[in-house]
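Participant: Quick one: structure below, then a few questions.
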Amino acid sequence: MAYFNTPMTKLDAVNICLSSMGEPMINALDGSSVDAQMASDLIDETSRTMQAEGWHWNRERHRLIPDTFNQINLPANTARVDTVEDSRTTDVIQRGGKLFNRYENTHIFNDPIILEIYVILPFEEMPLAAKNYVTYKSARLFQQRVLGSETLSKFTQNDEQRAWLTLLQEEADVADNNMLNDAWQTASILNRNHYTRGGY
């Protein structure tokens, strides 16, 4: 399990899910335990869904240049994209692994595009507040799908709610700093009603 002086790992998260149902903890993510594999898959699913909403810690700014076919390839872990700065008037979306111009109805780009990209990070690369939220939400879903226990679910839901509020507070604290320093982030936050997520 995790200690105060070590980062929280996915193994730690899986063991929290297992312990929430009274299941024995495991020492490695080797696929030998069916319950552990189910918990691991739920953590991945919950993480992808949460990260796709967009946070300061998984948002990146890139200036992408068309390749020899005048197409712009996106990073493999792209969740969604939006144009910023000088490229803001270009209406683009992610289509497959490439950028698509909705106005021109084409994959062809003649100039570089500046993008705000939301990426899906591995569990170990997320901040602790995000790890905690994903872990406790996964534990609740794990209980519901395996046991269907209302009593256990309520207990885990309290942890999930606290983790969600902590995550929102951290986002607000850091986003405020970013708004003072980065105009493109300021516009992004204001345009997306950044703090009105559905949450837990």
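FYI, it's all coordinate maths here, none of it is from the lab. Source: prediction; values computed, not measured. Counting neighbours? That spans all protein chains shown, and the Cβs are built from the backbone with ideal geometry, glycine included.
Participant: Once R0 is set to 41 Å, what does the formula 1/(1 + (r/R0)^6) return for the Cβ-Cβ distance between Arg145 and Ile108, expressed as a FRET efficiency to the nearest 0.05?
Facilitator: According to the calculation, E is roughly 0.35.
Participant: Measure off 7 Å from each Cα along the Cα-to-Cβ vector at Asn77 and Gln37, then give the distance between these two points in nanometres to one decimal.
Facilitator: 2.5
Participant: Also, I was wondering about something else. Please name which of Ala163, Val84, Trp55 has its Cα lying farthest along the dipole of segment 54-164 towards the positive end, using unit charges on Cβ (Lys, Arg +1; Asp, Glu -1) and the Cα centre as origin.
Facilitator: Of the listed residues, the answer is Ala163.
Participant: Excluding same-chain residues fewer than 8 positions from Lys98, which aspartates and glutamates have a Cα within less than 19 Å of its Cα?
Facilitator: By straight Cα distance, Lys98 reaches Glu60, Asp67, Asp82, Asp111, Glu116.
Participant: From a point 7 Å beyond the Cα of Gln161 in the direction of its Cβ, which residues of segment 14-58 have a backbone N at a distance under 14 Å?
Facilitator: Hits in segment 14-58 for Gln161 at 14 Å: none.
Participant: Between Glu60 and Gln169, how many nm apart are label points set 7 Å from Cα along the C-beta direction?
Facilitator: Here the answer is 3.1 nm between the modelled labels.
Participant: How much length, in nm to one decimal, is gained on full extension between Glu23 and Leu121, taken as 0.36 nm per residue of separation minus their Cα-Cα distance?
Facilitator: Going from the current span to full extension adds 32.5 nm.
Participant: Setting aside same-chain residues fewer than 8 positions from Lys131, which aspartates and glutamates have a Cα under 19 Å from its Cα?
Facilitator: Qualifying aspartates and glutamates at Cα under 19 Å: Asp12, Asp41, Asp44, Glu45, Glu53, Asp159, Glu160, Glu170, Glu171, Asp173.
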